[in-house]
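K.L.:
What follows is a single structure, and I will ask about it in a moment.
Quick note: the coordinates plus some simple rules give every number you see, no bench work behind them. Computed from a predicted model, the values in this text were never measured in an experiment. As a convention, Cβ positions derive from the backbone with ideal geometry for all residues, glycine included, and neighbour counts pool all protein chains shown.
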Amino acid sequence: MPVSVSPERVEIQLGERSYPILIGSGLLGEPGHFDAVPAAAAALIVSNTTVAPLYVRALRDTLSGRFQAVHVLELPDGEVHKDWQTLNLIFDALLGHGCDRRTVLFALGGGVVGDMVGFAAASYMRGVPFVQVPTTLLAQVDSSVGGKTAINHPLGKNMIGAFYQPRLVLCDLATLATLPARELSAGLAEIIKYGPIYDMAFFDWIEEHIDGLMARDPAALAHAVRRSCEIKAAVVGKDERETGLRAILNFGHTFGHAIESGLGYGEWLHGEAVGCGMVLAARLSQRLGGVDEAFVQRLTALIERAGLPVVAPALGAERYLELMRIDKKSEAGEIRFVVIDKPGSAVMRGAPDAIVREVLAQGCAA
Ligand code: NAD
Ligand code: GLY
């Protein structure tokens, strides 16, 4: 693993819950990057059966100088396991090892591991410290940052969870070398998202560098992770608990979550569903007057170049509407969509079912 020089640092400013995001290559193997982690007798590294064989050893070796005991738990891999049964394995391990309320949890993996470990940390003994060590592009640019933790319910995605901030996010870019191409594309969806909702200059940059990102050019990935984290930090710093602004980070997610739960968790990757969901949400934005046809085409083209699907599965408009009413943003049964009101700016609003049906008719497979 390459040795990092000096990681880039982005701060999440949340008063006493503030924490740093460190971004660099080879960070996992360097104890000096863990100074923000509170002292404790024990740590539990939670990973999964895919990531653990790749990176647990390096992390455990690094942590062994800080903790008397470093325990490891491997969860089954996959979105389909982001549920109560798997969450319970974390509590079993914590109790089985006699872990106290100072024990530090480390989430080593993608967003599935990160969301579950965060939720376990929020609730074990009413809250223990945890650290995010994201190993997918998606987790490095989005899910590890900001403190949303959750598991899925068969009736709805991420329906059970808590806001609970980590003490540190350590994005080791070297781990992206082993990421399957499909997962890299899934991460690009959440990077592209930041353009239309917040920063069109970043969108221009992504368009210029999409080939480099797809080829895992280290400098391009480093910039994309850093700028994404900066944007997420700015939004979360203003609205930690999503009383308003933070909802813009869900651009494409209302349609995307319906695709994920409608097809069955794990059929489409989260990032794939979000990418395709952004195409539908952009089309809805155009129908509501926020952007023009050229903008929809431009966003669709970039999502396609990122290796993501742009035609939504044919679940049927009524099924989409039914699934989207379960979304957390819904109010009194009204679906609330994140739409672009002008390029680089997003708002949350309702939309007539008739228009949503037309958007679905245009955007779904025949
Ligand atoms: P994931 O966690 O399922 O990881 C994707 C796959 O890549 C898995 O098979 C994993 O084992 C494997 N993997 C991880 N790192 C690897 C590596 N370095 N090398 C090889 N394989 C590796 O999926 P994801 O895309 O990281 O996360 C998606 C989840 O994140 C969804 O459940 C979504 O709801 C959640 N999410 C949460 C937030 C939030 O704010 N909390 C934001 C966005 C997404
Ligand atoms: N990914 C959406 C959020 O963190 O708010």
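K.L.:
In the list VAL131, VAL112, which residue meets the criterion of being on the phi < 0 side of the Ramachandran plot, touching a residue at least 12 places away in the same chain (Cβ under 8 Å) and in a strand (DSSP E or B)? Before the answer, list the steps.
P.N.:
Numbers: VAL112 fails: in a strand (DSSP E or B).
Of VAL131, VAL112, the one residue that is on the phi < 0 side of the Ramachandran plot, touching a residue at least 12 places away in the same chain (Cβ under 8 Å) and in a strand (DSSP E or B) is VAL131.
K.L.:
Moving to a separate point now. Restricting attention to the range 44-54, and to residues there that are more than 7 Å from ligand 1 (Cβ to nearest atom), under 20 Å from the mean Cα position of the chain (by Cα) and touching a residue at least 60 places away in the same chain (Cβ under 8 Å), which single residue is surrounded by the most Cβ atoms within 10 Å (Cβ to Cβ)?
P.N.:
By that ranking, first place goes to VAL46.
Let's see how each residue does on (1) crowded, with 24+ Cβ neighbours inside 10 Å; (2) closer than 24 Å to VAL296 by Cα; (3) within 12 Å of ligand 1 (Cβ to nearest atom):
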site	(1), (2), (3)
GLY161	no, no, yes
TYR164	no, no, yes
ILE191	yes, yes, yes
MET200	no, yes, no
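K.L.:
Mind checking whether some residue in the range 238-253 is on the phi > 0 side of the Ramachandran plot, surrounded by 24 or more Cβ atoms within 10 Å (Cβ to Cβ) and either part of a loop (DSSP other than H, G, I, E, B) or touching a Leu at 6+ places or on another chain (Cβ under 9 Å) (or both)?
P.N.:
Yes, the range 238-253 contains a residue that is on the phi > 0 side of the Ramachandran plot, surrounded by 24 or more Cβ atoms within 10 Å (Cβ to Cβ) and either part of a loop (DSSP other than H, G, I, E, B) or touching a Leu at 6+ places or on another chain (Cβ under 9 Å) (or both).
K.L.:
So GLY266 clears everything in (1) touching a Gly at 6+ places or on another chain (Cβ under 7 Å); (2) over 20 Å from LEU308 (Cα atoms); (3) outside any helix (DSSP H, G or I) except one condition, right? Which one?
P.N.:
(2)
K.L.:
Which one is surrounded by the fewest Cβ atoms within 10 Å (Cβ to Cβ), of the residues in the range 311-350 that are in a helix (DSSP H, G or I) and in contact (Cβ under 8 Å) with a residue 12 or more places away in the chain?
P.N.:
Only one residue fits best here, namely ARG319.
K.L.:
In the set THR149, THR62, THR135, which member is among the hydroxyl-bearing types (Ser, Thr, Tyr) and in contact with a Phe, Trp or Tyr (Cβ under 6 Å, 6 or more places away or on another chain)? Let's see the steps before the verdict.
P.N.:
Values: THR62 fails: in contact with a Phe, Trp or Tyr (Cβ under 6 Å, 6 or more places away or on another chain); THR135 fails: in contact with a Phe, Trp or Tyr (Cβ under 6 Å, 6 or more places away or on another chain).
Of THR149, THR62, THR135, the one residue that is among the hydroxyl-bearing types (Ser, Thr, Tyr) and in contact with a Phe, Trp or Tyr (Cβ under 6 Å, 6 or more places away or on another chain) is THR149.
K.L.:
Evaluate the range 170-185: report whether one residue or more is in contact (Cβ under 8 Å) with a residue 24 or more places away in the chain, surrounded by 17 or more Cβ atoms within 10 Å (Cβ to Cβ) and away from ligand 1 (no atom under 12 Å from the Cβ). Lay out the reasoning, then the answer.
P.N.:
Step one: of the range 170-185, the residues in contact (Cβ under 8 Å) with a residue 24 or more places away in the chain are 170-179, 181-185.
Checking which are surrounded by 17 or more Cβ atoms within 10 Å (Cβ to Cβ) leaves us with 170-176, 179, 183-185.
Those still in the list that are away from ligand 1 (no atom under 12 Å from the Cβ) too: 170.
The answer is yes, given that some residue of the range 170-185 is in contact (Cβ under 8 Å) with a residue 24 or more places away in the chain, surrounded by 17 or more Cβ atoms within 10 Å (Cβ to Cβ) and away from ligand 1 (no atom under 12 Å from the Cβ).
K.L.:
Still on this model: Identify all residues within the range 301-310 that are within 22 Å of the chain's Cα centre (by Cα) and either surrounded by fewer than 20 Cβ atoms within 10 Å (Cβ to Cβ) or farther than 18 Å from ALA365 by Cα (or both); write none if there are none.
P.N.:
As a first pass, look at the range 301-310 and keep what is within 22 Å of the chain's Cα centre (by Cα): 302-310.
Result: LEU302, GLU304, ARG305, ALA306, GLY307, PRO309, VAL310.
K.L.:
Considering only residues that are assigned to a strand (DSSP E or B) and either more than 12 Å from ligand 2 (Cβ to nearest atom) or touching a residue at least 60 places away in the same chain (Cβ under 8 Å) (or both), which ones fall in the range 151-169? So that I can check it myself, show each step before the final result.
P.N.:
Here is the first cut: in the range 151-169, the ones assigned to a strand (DSSP E or B) are 151-153, 156-163, 168-169.
ILE151, ASN152, HIS153, GLY156, LYS157, ASN158, MET159, ILE160, ALA162, PHE163, LEU168, VAL169, listed by residue number.
K.L.:
Still on this structure, please answer the following. Quick one: how many residues across the range 134-145 are of a type in the set (S, T, N, Q), near ligand 1 (Cβ under 8 Å from one of its atoms) and part of a helix (DSSP H, G or I)? Outline the logic, then answer.
P.N.:
Taking the range 134-145 first, the residues of a type in the set (S, T, N, Q) are 135-136, 140, 143-144.
Add one more test, that the residue is near ligand 1 (Cβ under 8 Å from one of its atoms), and what stays is 135-136, 143-144.
The next check asks that each one be part of a helix (DSSP H, G or I); those that pass are 143.
Count: 1.
K.L.:
Now, a different point. Could you grab me the full set of residues in the range 270-295 that are aliphatic (A, V, I, L, M), in contact with an Asp or Glu (Cβ under 7 Å, 6 or more places away or on another chain) and in contact (Cβ under 8 Å) with a residue 40 or more places away in the chain? Steps first, answer last, please.
P.N.:
Applying the first criterion (aliphatic (A, V, I, L, M)) to the range 270-295 yields 273-274, 278-282, 284, 288, 291, 294.
From the residues that got through so far, the ones that are in contact with an Asp or Glu (Cβ under 7 Å, 6 or more places away or on another chain) too are 273-274.
VAL274 - this is the single residue of the range 270-295 that is aliphatic (A, V, I, L, M), in contact with an Asp or Glu (Cβ under 7 Å, 6 or more places away or on another chain) and in contact (Cβ under 8 Å) with a residue 40 or more places away in the chain.
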